[in-house]
Amino acid sequence: MKYHEAVAHKKESIQNAHESIIRDYHIIIVPANTDESKKYIEDFSKNPEAYDDASCKKYCTDDNYEVVSFRKETEDSN
């Protein structure tokens, strides 16, 4: 999907998500390309606060995006 479609999909996903999902998972827009998505998620995971929705555009070469979720790292996971 195009970037603007991914933004709308993310917004809808957050509105429909249970509060525990919002608390425990990152819901982000990533490039649809697997290699680009992997690199973006690796970089995002190092410092999530430094990224916003538009950050994924720097990693995407074909203007094709998707919305994904993955568990947030916790302080206790040592």
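Nothing in this text is a laboratory measurement; each read-out follows from the coordinates by a stated rule. Because the structure is predicted, anything quoted here is derived from the model rather than measured. Glycine gets a Cβ as well: all are built from the backbone with ideal geometry, and neighbour counts include every protein chain shown.
If you bin all the Cα-Cα distances of the range 3-71 at 5 Å, starting from zero, the percentages per bin are 3, 18, 30, 26, 17, 6, 1.
Tally Lys and Arg at +1 and Asp and Glu at -1 over the other residues with C-beta under 15 Å from the C-beta of Ser69: what net charge comes out? Local net charge: -1.
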